[in-house]
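J.: Quick one: the structure is below, questions incoming.
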Amino acid sequence: MISPITGSARNAPPFRYDIVGSFLRSDEIKAARSMFDQGEITSQQLQELENKEIAELLKHEKALGLKAVTDGEFRRSWWHLDFFLGIRGTQKIILNQGTGSKESTQRAESFKITGKIAFEDHPMIAHFTQLQQMAGETLAKMTIPAPSLFHFVQDYNGNEIYPDQQLLYQDIITVYKAAIQAFYDAGCRYLQLDDTTWGTLSSGRHRAHLRSRGVDPEQLAKDYVRLINESIAGKPEDMTIALHVCRGNFRSTWFAAGGYEPVAEVLFGETQVDAFFLEYDNERSGDFAPLRFIRDQFVVLGLVTTKHGGLESKEQLKLRIAEAAQYVNIEKLCLSPQCGFASTEEGNILTEEEQWEKIRLVVETANEVWL
C-alpha cells in the first residue's frame, strides 16, 4: 500500500485547495434569466439580481476558506459559448441534431465564424471587474474557454471566412493575446483556460472519428499546444494561467473516456501554462502514469467528482494524492473538484448542500495533506 505523505502550505495560485469555477445556479437566477428571455425584465434588472446572487455565492466561498473565488459563471448560459459569442465575427447557430440521438437531450447551440474575428469590448471584462469589486481582498479567479477549443468547435461548424488555416490560427492567437491583456489590465491575476479538446483527443473513439474526417489527431495535438503557447506568450509575470482538461460535464453526463497517455507527452511536456487542472475522479480518466511528462508545472488533481452528491472517502483521496506524488513532487500537487458544478445553467444533478459538502471535503483533505 502507498503511504500517505504530507507537503507544505501554499499562498499563491494554484492553491492547495482550489476550484474549477462554476456553481449551481440558484432558483432566483434561473427564474430571472427566464423572465429576461421572455422580455419581462430589463438587462439592468437581470444584472441587479445576478449581483445579489453572486454576493451570496461569494459569502459561501469565503466561509469555506477558499483563497480564490469566482462568480460561479452566474452571468453565463454556457461555460464556453458566452465567451465565444462575445468575440467580434462570431454568431450563434442552432444545430440540427435530428431525433432520437443521445445528444438531442442537450441544447443544440453552437457558434460559427461569420467575419474576421477580433477581441473588442467583450462583456466578460466587465463581469470580471464586478467580481473583483465584490470579492474585496480575496483573489478573483476568471475562467474562459481555451483557444484550442475555439478552433475545434468552429471547425465542426464550417467556416467560409478563413480558407487559410494558418491565418485562422494567427487570428485566434491575436484574439486571445488581446483577451489576456484586457483581463490583466482589469486586474485579473488568475486566469483558467477550460478545454474539452484534450479529453476528446484522449479518447480512442473520438480519435478514430477525427481520422475518418481526414484529421490527424497527433498533428492536431501539436497544433493546439502551439496555439495555446503562442496565445499566452508574453503574459505578465504576475499572472497565473492554468489549463483545465475536461471530458464533458453537461447535466452530470460526459462524452469522452480514456486516460491522458495519447496526448501526455505533447500536452504535459510542451504546454507552457503554469498549472494543469486534471479530471481524475474515476476510471474514465485513466491512471497517473501520464503525469511523468509533467515538467515544472503544478498539477491540480480533480479527485472529487461534481457529477453526483456522494462524498468520496477522505482517506482514499489521501492515498490517491500519494499515488500521484510518485510522478509529480507533492509540492507541485494541489486538490480540487474534477470540474465545475454547472458548466451550463442547467447544472449537474446534485443539491446545493451536496455541492458545498464537496468543497468542504476538498478544503479539509488538502489542509490535512499540506500542513
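The values are calculated or read from the model by the stated rules, or taken from the named source; none is laboratory data. The model shown is predicted, which means the values in this text are computed figures rather than measured ones. With ideal geometry, Cβ positions are generated from the backbone for all residues, glycine too; neighbour counts draw on all protein chains shown. The protein model used for the area step is the full one, side chains on, heavy atoms only, and it has no ligands, DNA or RNA in it. Shrake-Rupley method; radii C 1.70, N 1.55, O 1.52, S 1.80 Å.
J.: Taking amide H positions as placed 1.01 Å from N in the peptide plane, with prolines and chain starts having none, which residues 5 or more places from TYR190, or on another chain, fall under 5 Å of its amide H?
T.: The answer is MET142, THR240.
J.: In addition: In what sequence, highest mean first, do 15-24, 211-220, 262-271 appear when ranked by Cβ atoms within 10 angstrom?
T.: 15-24, 262-271, 211-220
J.: Which value, in Å² and to the nearest 10, is the accessible area of THR6 when all protein chains are kept and the probe is 1.4 Å?
T.: 80 Å²
J.: Hey, another quick one. Quick check on the chain: of the DSSP beta bridges with both residues there, what percent are antiparallel, nearest 5%? Please report the intermediate quantities before stating the final value.
T.: Values: 7 of 36 bridges.
Of the beta bridges lying entirely in the chain, close to 20 percent run antiparallel.
J.: Counting residues in the range 157-203 as N, plug N into 2.2 N^0.38 Å and put the Cα Rg over that result.
T.: Values: Rg = 14.2 Å, N = 47, 2.2 N^0.38 = 9.5 Å.
Output field value: 1.50.
J.: Working with all protein chains in place, sort VAL153, VAL245 by solvent-accessible area computed with a 1.4 Å probe, largest first.
T.: On the way: VAL153 25, VAL245 0 Å².
Highest to lowest solvent-accessible surface, that is VAL153, VAL245.
J.: Now for a separate question. Roll a 1.4 angstrom probe over the protein heavy atoms and tell me the percent of accessible area of the range 214-369 that is carbon or sulfur. Before the final figure, lay out the partial values.
T.: Working: 2650 of 5530 Å².
Reported share for carbon and sulfur atoms: 48 percent.
J.: Please report, in whole Å³, the volume per residue of the convex hull around the C-alpha atoms of the chain.
T.: In the chain, the Cα hull volume divided by residue count equals 138 Å³.
J.: Leaving ligands, DNA and RNA out of it, report the carbon-plus-sulfur percent of the accessible area of the range 5-46 at a 1.4 Å probe.
T.: Working: 970 of 2080 Å².
Looking at the range 5-46 in its full context, I get 46 percent from C and S.
J.: Quick check on my link table: of LYS141/LYS318; LYS112/LYS141; LYS62/LYS235; LYS52/LYS116; LYS92/LYS307; LYS92/LYS222, which ones sit more than 32 Å apart, alpha carbon to alpha carbon? Could you put the intermediate results ahead of the total?
T.: Values: LYS141/LYS318 26 Å; LYS112/LYS141 28 Å; LYS62/LYS235 28 Å; LYS52/LYS116 37 Å; LYS92/LYS307 28 Å; LYS92/LYS222 28 Å.
Beyond 32 Å between Cα atoms: LYS52/LYS116.
J.: Using a 1.4 angstrom probe, figure out how much accessible area the chain has per residue, in square angstrom, rounded to the nearest whole.
T.: On the way: 15270 Å² over 371 residues.
Ligands and nucleic acids excluded, the result is 41 Å² per residue.
J.: Next up: What list of ³J(HN,Hα) values in whole Hz, one per residue of the range 312-319 in order, does the Karplus curve 6.51 cos²θ - 1.76 cosθ + 1.60 (θ = phi - 60°) give from phi, with Gly and Pro shown as x?
T.: Computed from phi, the couplings for the range 312-319 are 6, 6, 4, 5, 5, 4, 5, 5 Hz.
J.: Here is a further query. Sequence-distant or interchain residues sharing an amide H contact under 5 Å with TRP370, placed H: which?
T.: Placed amide hydrogens put GLY7 under 5 Å from TRP370.
J.: Something else now. By accessible area of protein heavy atoms, probe 1.4 Å, what ranking do HIS80, HIS308 get, highest first? List each step's numbers first, then the result.
T.: Values: HIS80 25, HIS308 90 Å².
Heavy-atom accessible area, descending, gives HIS308, HIS80.
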